[in-house]
Each structure stands twice: as structure tokens, then as C-alpha cells.
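Participant: After the C-alpha cells below, expect a handful of questions from me.
Coordinate-derived values only; no laboratory data. In this text the structure is predicted, and so the values were computed from the model without any measurement. Here the Cβ is made from the backbone with ideal geometry for all residues, glycine too, and neighbour counts use every protein chain on show.
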2 protein chains.
Amino acid sequence: MNASLSKEDKGITVSKKDDFSEWYTQVVLKAKLADYAPVKGLIVLRPDGYSIWESLRTTFDKKFANNGIRNGFLPILIPESLLGKEQKHFAGFNPEVFWVTHSGTNEIGDRLALRPTSETLAYTMYAKWIQSWRDLPLKINFWNTALRAEIKGTKPFLRTSEFLWQEGHTVHATQKEAEEEVMKILEIYKKTVEEELAIPVTTGKKSEKEKFVGAVYTTTMESIMPDGKALQMGTSHFLGQNFSKPFEVKFADKDNVEHFAWQTSWGVSWRLIGAMIMIHGDDQGLVLPPKIAPIQVVIIPIYKNGEDKDKVLPKVEEIKKTLESKDVRVHVDDRSELSPGYKFNDWELKGVPIRLEIGPKDIEKQSVVLAKRYNREKSNLEFTEIEKMPTILDEIQSDMLKIAKEQGKANSIDISDYTEFKSKIEKGGFFNAPWCGKLECEEKIKEETGADIRVIPFNSENTNEKCMYCHEQSVSVPIFARGY
Amino acid sequence: MNASLSKEDKGITVSKKDDFSEWYTQVVLKAKLADYAPVKGLIVLRPDGYSIWESLRTTFDKKFANNGIRNGFLPILIPESLLGKEQKHFAGFNPEVFWVTHSGTNEIGDRLALRPTSETLAYTMYAKWIQSWRDLPLKINFWNTALRAEIKGTKPFLRTSEFLWQEGHTVHATQKEAEEEVMKILEIYKKTVEEELAIPVTTGKKSEKEKFVGAVYTTTMESIMPDGKALQMGTSHFLGQNFSKPFEVKFADKDNVEHFAWQTSWGVSWRLIGAMIMIHGDDQGLVLPPKIAPIQVVIIPIYKNGEDKDKVLPKVEEIKKTLESKDVRVHVDDRSELSPGYKFNDWELKGVPIRLEIGPKDIEKQSVVLAKRYNREKSNLEFTEIEKMPTILDEIQSDMLKIAKEQGKANSIDISDYTEFKSKIEKGGFFNAPWCGKLECEEKIKEETGADIRVIPFNSENTNEKCMYCHEQSVSVPIFARGY
């Protein structure tokens, strides 16, 4: 044993099945993704955690740019007077706002809020920037953090008082164009989460009760976690003219008549990383989808003496170069004094998609041992096939999505009987249940079972069923679930 | 005239020479780089401003990565008790700290500071993460904002209460390695600023009086602005064990004996953008060095009728594709209803390095008109030479640096007579003046002339001169100047 084998380095001590919550926290901390900050409710991202966020940011930035969206910067401080300009919006965030009251020893007159979200600030600026139809559409995205004081217990990535996110804010000349933007963004979100993180999502609308405060309507993507709880993965809001009117976001049209503009806002946060950990992780720790893994392939050279070392290391170097030439993110673990077994566990804990083991015998056989993290299968890979690695990584990526889809389907239940619903909700899951559309039923169900309407999937409108709760004519079949 | 020709779109109305301060503000606002936020002292970055920051970030990230530095995330809130752990450090920042005292309606016990800088928070975490020599060096960089309440007037990019920056924090096993890191970073800073922003810098050490609070010593890079004032462009600090001791950043060495670690911290901010505007801008507006310009080449098609349009546009499209294939960032200004003259002014204001004008006569001559923004020279470029554009851009980039160096040299004066110094300091400039090394003389000079020691250039130690102020033996020849 040596000094680096401290407590922190030991593997996960509970199973995902037995204690999901403790398992999750251990994976986050032990895979060195994040750690708790000194202030309750706040976390720090370590490089392995932050690089996943960077990878997502790069992907989104490309897709946003292709859609004509550019990035900007907004300060974190919003005057109280401004935040209150759209009353409903303000009331929604008020209980969780952090307030700055002093700078140095000076008291500040109009208290300053740490941004819970930036609609009010962005639209104050937009009102100055937009004069005519020529200035539209205006589409700006902001990568920053939002602050909302969490009263409940903290969970890294899932519930923290400050979180990394992006918030996009667009302005359009017509309602139609704004509504199309809402859907384009939701589609970008869905594709990215499915393709990069290998997590299936269900898209649709939020109910009136669950929509963003200030929006006309909110579209959302929701996923089901292995513990049967739902996680909101991202939202895209149609704001209509709810903000453009109080903030006077107006434009002169070609006929020189002034109109209030139509707006959208939308965001995803580091919650996506939390979902990825929950969906793919196992009792050995993190399992990273290849596309967002900081290291995709780790090579472990195995040798016991100098002679073997001289045989193994040149080959390792050669394989590394081949992989790099194929744009594979590869790392050689050449730490001395650590056993191969220790290294295997270490990289499994960290979720690296592929491990290559190579010792003197492998050199003789002209092959390496290839271990896949996600299904823990081992096989031999001929040296001549090393360059097929990108294909192997792609296969892993799509298989992970396939497995996640199957898991999601297994946890998804069509239901119409409320008694049955109440007995089954305890075990968790997504329940597709007909609903009359009334707030009263929605509230009663929440009160009696703890389940929300997570999403009303697109094309789930129907006229032939009866509301699970009141048995009146249903208007849609939302997904009910308990949420994070 | 049409609606988009609002006040904001008009050109710069003062000359750089006559009213530098007003000129600067007009360039920032009218080139749409930034705008004032509703809170005094805070600014918003518009996409054209933010993309310059993104470009710098990308360049630094590559260089940091090559140096083994990875990125992480730290929350913005630091408890008062933690901030005060290194007393001198705290005292330095205390007057400008923003304090959070409430979340919702709840009063917070231990007040929370908005980060003025993150040493105290980072090192609290580092102390948990570092156990043995195996964990070193630990090198993490954080792209975020810092908040320091500005009492004096605000200048976008130069003096704001919240600013974008990066702060790097490294931990090493030995003093030597930490000191080498300090210099490596300073070198990365210098190269990047000179190569990307075409701004020459002078590197060296800060005096004891001017060093970072908490550092053993501070290295800095300073530049002289066209108004004769000095601007600090970035600093790299050797922290010694000043923080590792109070924060207990310790490691067990190979012999299992515990040692306090050696640390560095370093940062550059969006001030660099401010410097670039000041150094290169002119009476027509912004002048962007090609390397960081979001658009490097703008093409203006010129035609008066449909026939000409049909001749011009296909060629424009062809040129655009050729340029894109050479990785040139190109934009075609195809806005109808705006005159070529209006467009010329618009893109000059925005500082785009090269403008190509192409009309029916150019098509006949098989060439385009090429206008360089930085020296406003026009010439003809044969169609066959379009693909030389990367070379032309490189030449502009190096010529801009050359011109900036000459300007800097012209504003730099060797001086040893204090009376002469006092008469000349009014006009501004960098003054290389021998100094005895005593705080007393430094303070007297500051009091009597407003000039600081900006930097003690490397290799400026000397023994043959007399202190400009007290005439005692000098120890170095610092640069004295009034600063931003």
C-alpha cells in the first residue's frame, strides 16, 4: 500500500440497487467529478467533471451557431426593482433569491439579486438594442450560472444552490417564428442528450401548473431515472408577449408601425451530467458514453521486469499514436508502483469506456485485451484492428442508448385506474394516464400520491378516455411521476 | 434613410486624439461590443464583444492544456470566515467585496462574499484533494467572473464591478517547480497577447507595494496605452507557502514526511479587450487584429440592377467558398436597401480587417477591390489571388504588432532627473527611471506625480545609477507611469 491509496480512492461501497442515493453520491465524489464546497448547497467541479460540461458546451455551441444563435455575457446582479417588473415571474423566484445588500461597508439602496434567471435583465437590454425589423430575429445564448437557494437537501448536479447552465433568449417579429424557435431548440436538446449522453427523453408540454413562471407555455424533455423518479432534462419556453410588453421590447415593422415582439427562452443545466451518472453508472462506479468521455481509451502496460518493459512500452506508444491519429482520446497509465489490478479498478471507477491491457504475452499473440466498461466484456483485439477503435466506440455509444431505452420502456406504464396507480406509484415509474385537463385533479393527484404531471407528450391528445381521477372526458395522456 | 439608421448606428463623433476617453466609450458602444447594464459599474457583452473573449479563451485553453492545466468550476459564494483565513489577503479585498446577507427572507449567519478572487476557496478544496506527492502538481484553471465593487467611474472592460477572467491555481512539491510555473504562465500570457492581440508587453516583477496581497512576489505584464497611461495586462503570482500554511495544503512525500506545498495563482481578464480597442482603434472605430476577429473578411456585392446582380452574386458566392476552404472567417453583406457607402462605414466601425468590394466592373477586370481596415489602404486583388488571403491576414497581423511596438517605443523614455520626470509625466508615457528599492521613495513619487512603479523589467537590475528621487545607489530601473 502507498500513500495515494487513501480513503477517497477506494471503490464504491454500496450497490446501486440497495441504496441508490448513497451510491450516486459516492460515484460523484469518488470518480472525482465534484466535491462539496464549504457553503451548504454548493459544489465544486473537478477537472473530470468539468470536462464533461465543456464537451456538452462545445456540442451545443456548434448546433446553436448553425441555428444563428450567438453567445453573450450578462452580469450576475439584477436590481430588485427590475426583477419585479413581471410580477408573476418575480413571485415564482422570490423565495429562493440570494440578496446582496452591501458592498464593502456601504449599504446598497435597491437590493441586488443574484440571477435566478436572466429574462428581466436580458430584455431590459434587448429593448435598447431592438428598434426595427432589421434587428430581428435577435438570438443570444448565455453560458453562466444561476443561483436559487435550495432549502431541501443538496445533491451534486441535481439540486444545488448555484448551477452551471445555458440560458438562451430570442426575439422574433412573429408569433409563428417564435413558436418554431421553441421547437427547434427542444429538438436540439433532445438530439444532443440522446446522441451525446445516450439518454432517451420524452418531449412535450408542461401543464399550466408546472410551466415556467411568465411563459405562455413550456415545452420540456423528461427522463426516467433508474430509481423510478422523473428528471426534467431541459425546457424551452414560449414567452409570447408576456415580457415584451412590460419591458417594451418593440420593433418598427417595414410599414413603420411599432409592434411588441415575440420571445422565447430555454435552458439546460449540469443536471444532464447527474442524469448521465444515474442512468449509466454501476456498482463499479461511473460509466461514460464515449462521445463525452474526457479519456475514451486507457492503455495499461503490464510488465514485471525490465526486459518485458522494453518489449511492451514501444508497442504501447505505437498503439497510442495510431489511436491519436484516429482522433481517439487516449491515455497511457504508466504510473509505476501501482499494480495493474489497482489501475483497472481506478479507471473503471472513473468510467473510461475502453481499457486496453497489454503485456509480453499479448505482444507474442499480436493482440491486446480490450475491456468494455459498460458491459464489462473482455475480448482480444488484433494489433491490425486497433484502427477500428472509432467504430468500436460508436457501437458502445449506440448500445448504451439502446439499453437505456429498454430500461426506460420497462419503467413506463399505461394506466387508467387510480387505485392501481396509487399502489404502483410507490415503486416509481412513468405513468401514462388520461387526464381531464383540470388543475383540481392535477393537484389532488399530487397531494395524494406525490406525483406531478411531468410532461404532456406531443400527440398525446385523445378524446376516447376518461380522466384517471375524476372519470370525466380526458383531453390528453400526460406522464405522471414523482420527480427530483 | 430607413429605421435601422438609428442614433446607435451613427459613426464615432469625436477623434481619438482630442477626447480619448469619450472616443473609447463610443467605440465600445457603437461597435456593439458591450453596453451598460442597469446596475452602475456593470456591463453586458453583446455577441461581437463576447466572441473576442471566446477566441482568447480557446487560445489560452490550448496552451494551458499543453502545459498540463485543466479547467474546473468554483461556486461564486465564499463564506466570510474563509475569506478571512489569510489576513493580509482579506484586508486587501475587504472594501470592495459584495456581501450576500439573505436568501429569500432568511438572514444568512456567516455572510457570503461574491468571489473577489478564489484563492481561499480553491485552497480549502485543494487541502482535501492533496494527500501525497502523487497528487502533485495539481494545476487547475477556472474561467469565471470576479466581483469587486468599483467606487470610481466605470469604463467598459477596464473598470467594472464584475469582470470576466480566468484564474489559475497550481500546487507544487517544490519551490523551484512553482517558480518555474509562474514564469511559464507569464510567457504564455505574453506570447498570446502579442501574437493574438498584436499588443507588445513588458514583463517583470511588481514592487513589494504593488504586489498581489498574499503573494511572495508578483510578476506582471504591462502595456502603454495611446493616452500615455499604463495598463496591467495580466499577473502571475508566486504564493510560496503563504496560503498552504493557513489552509493546510500539505502532501506526504516519498519518504512519507509531510510538507507544506508551494503555490502559484495567475489571471488575465477582459481588460485585454479594452487594451486592444485602445491600441488599434481609430477615428472610424474599432480595428480588429485578424486572429481574433469574429469576421475576418466582409464581402460587399455592388450592383444597381438585376442584370448586374446576376453577374456579381455568383462570383461573390464563389469567393466566399474559396475563402471558407482556406479557413477564413468570411461574411457576405447582402442587406438590400442599404447603400455600399453605408455598409463600408458600418464594417469599418466594427473593425473587420478586410473588406472586398465587387461590382460588375470588377468582374470584367477579374479582380476585387481589397480595403485593409488597419491602414485604410485600397488595392486590387486578382481573382486568382483570392486564395492568398490567409497570407494577407497574417501580414496585417504582424504589421499591426510592429506599429504598436513603434508607438510603445515612442512613448518610452529613459530618465534619471526627477525635475524632468515631473514635467514630462503630465504628458504620460513609460519612464525607465533608476530606483533605490525603498518604499519611501516609491510612495513619495506616487504622491507627488501620481506615477506608480508599474513593473520592474526582468534584467533591469543595475549598480551604476542613482535613485531618481533620493540619489542613493539604485537597485533596479523600474518603469514608472500613471496607470488605469
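Participant: Given R₀ = 56 Å, what would the calculated FRET efficiency be for A:Lys245 paired with A:Glu337, taking r from the Cβ atoms and rounding to 0.05?
Facilitator: For A:Lys245 and A:Glu337, the calculated efficiency is 0.25.
Participant: Is there a pair in A:Lys85/A:Lys191; A:Lys326/B:Lys254; A:Lys250/B:Lys16; A:Lys10/A:Lys372; B:Lys155/B:Lys184 whose C-alpha atoms are over 27 Å apart, and which pairs would that be?
Facilitator: A:Lys85/A:Lys191; A:Lys326/B:Lys254; A:Lys250/B:Lys16; B:Lys155/B:Lys184
Participant: Sticking with this one: Starting from a label point 7 Å past Cα on the Cβ side, list the distances from B:Ser55 to the same position in the other copies, nm, shortest first.
Facilitator: 2.9
Participant: Follow-up question, since we're still on this one. For label points placed 7 Å from Cα toward Cβ, what is the shortest-first list of nm distances from A:Gly153 to its copies?
Facilitator: For A:Gly153, the other copies' label points sit at 5.5 nm, shortest first.
Participant: Using the beta-carbon distance between B:Ile403 and A:Asn462 and R0 = 56 Å, what value does 1/(1 + (r/R0)^6) give for FRET efficiency, to the nearest 0.05?
Facilitator: The computed FRET efficiency comes out at 0.20.
Participant: Report the trypsin sites (Lys or Arg not before Pro) located in region A:299-386 that are in a DSSP loop and have at most 10 other Cβ atoms inside 10 Å of their Cβ, or state none.
Facilitator: Answer by residue number: A:Lys304.
Participant: Please average, across the residues of A:66-76, the number of beta carbons from any other chain that are within 10 Å of each residue's own beta carbon, and give a whole number.
Facilitator: The per-residue average across the peptide is 6.
Participant: Here's something else I'd like to know. Please report the relative contact order for region A:295-391, taking Cα pairs under 8 Å with a sequence separation of at least 6, and give it as a percent rounded to a whole number.
Facilitator: 33 percent
Participant: Follow-up question, since we're still on this one. Do any trypsin sites (Lys or Arg not before Pro) in region A:384-484 lie in a loop, going by DSSP, with at most 10 other beta-carbon atoms within 10 Å of their beta carbon, and if so which?
Facilitator: none
Participant: Next question. For the pair B:Asp19/B:Glu448, report the inter-label distance in nm, with labels modelled 7 Å from Cα in the Cβ direction.
Facilitator: 3.5 nm
Participant: If the cut-off is a Cα-Cα distance under 14 Å, which aspartates and glutamates reach B:Lys30, setting aside same-chain residues fewer than 8 apart in sequence?
Facilitator: By straight Cα distance, B:Lys30 reaches B:Glu8, B:Asp9, B:Glu22, B:Asp48, B:Asp282, B:Asp283, B:Asp346, B:Glu348.
Participant: Could you pull out the pairs from A:Lys427/A:Lys466; A:Lys88/B:Lys152; A:Lys63/A:Lys427; B:Lys32/B:Lys446 whose alpha carbons sit more than 31 Å apart here?
Facilitator: Pairs exceeding 31 Å: A:Lys88/B:Lys152; A:Lys63/A:Lys427; B:Lys32/B:Lys446.
Participant: Name the long-range amide H neighbours of B:Gly84: under 5 Å, sequence gap of 5 or more, or other chain; modelled H, no Pro or chain starts.
Facilitator: Hits under the 5 Å cutoff: none.
Participant: May I pose another question? Taking 7 Å along the Cα-to-C-beta vector as the label spot, tell me the B:Glu195-B:Asp327 distance in nanometres, rounded to one decimal.
Facilitator: 1.2 nm
Participant: Leaving out same-chain residues fewer than 8 places away, which aspartates and glutamates sit with a Cα under 13 Å from that of A:Lys388?
Facilitator: A:Glu324, A:Asp327
Participant: Using DSSP to call loops (not H, G, I, E or B), can you name the chymotrypsin sites (Phe, Trp or Tyr not before Pro) in region A:150-184 whose Cβ has at most 11 other Cβ atoms within 10 angstrom?
Facilitator: Hits after loop and neighbour filter: nothing returned.
Participant: Moving on to the next point. Looking at the protein assembly as shown, I'd like the Rg to Rh ratio, where Rg is from alpha-carbon atoms and Rh is Kirkwood's inverse mean 1/r.
Facilitator: Using Cα coordinates only, the ratio equals 0.98.
Participant: Relative contact order for chain B: what percent, with Cα pairs under 8 Å and sequence separation of 6 or more?
Facilitator: Result for chain B is 14 percent.
Participant: If each label sits 7 angstrom from Cα along the C-beta direction, how far apart, in nm, is A:Gly84 from its counterparts in the other copies?
Facilitator: Sorted ascending, the copy-to-copy spacings read 3.3 nm.
Participant: Inverting the mean 1/r over all pairs of different Cα atoms, compute the Kirkwood radius of region A:412-481 and quote it in Å.
Facilitator: For region A:412-481, the Kirkwood estimate is 11.6 Å.
Participant: Let me ask you something else. With r as the distance between the Cβ atoms of B:Gln366 and A:Arg57 and R0 = 30 Å, compute the FRET efficiency 1/(1 + (r/R0)^6) and round to 0.05.
Facilitator: That gives a FRET efficiency of 0.10.
Participant: Tally the DSSP beta bridges in region B:295-392 and give the antiparallel ones as a percent, rounded to 5.
Facilitator: DSSP beta bridges in region B:295-392 are roughly 55 percent antiparallel.
Participant: With a/c under 1.5 counting as rounded, go ahead and sort chain B into rounded, prolate or oblate using the C-alpha gyration tensor (a ≥ b ≥ c being the square roots of the eigenvalues; past the cut-off, prolate if a/b is larger than b/c, else oblate).
Facilitator: In terms of gyration-tensor shape, prolate.
Participant: Another question, if that's okay. Please state the relative contact order of region A:412-481 as a whole percent: Cα pairs under 8 Å, 6+ residues apart?
Facilitator: Averaging sequence separation for qualifying contacts and normalising by length gives 40 percent for region A:412-481.
Participant: For the pair A:Glu387/A:Tyr484, report the inter-label distance in nm, with labels modelled 7 Å from Cα in the Cβ direction.
Facilitator: Once both label points are built, they end up 4.2 nm from each other.
Participant: For a quick check: sort A:Glu162, A:Glu54, B:Glu406 by the number of other beta carbons within 10 angstrom, fewest at the front.
Facilitator: Neighbour counts put them in this order, fewest first: B:Glu406, A:Glu54, A:Glu162.
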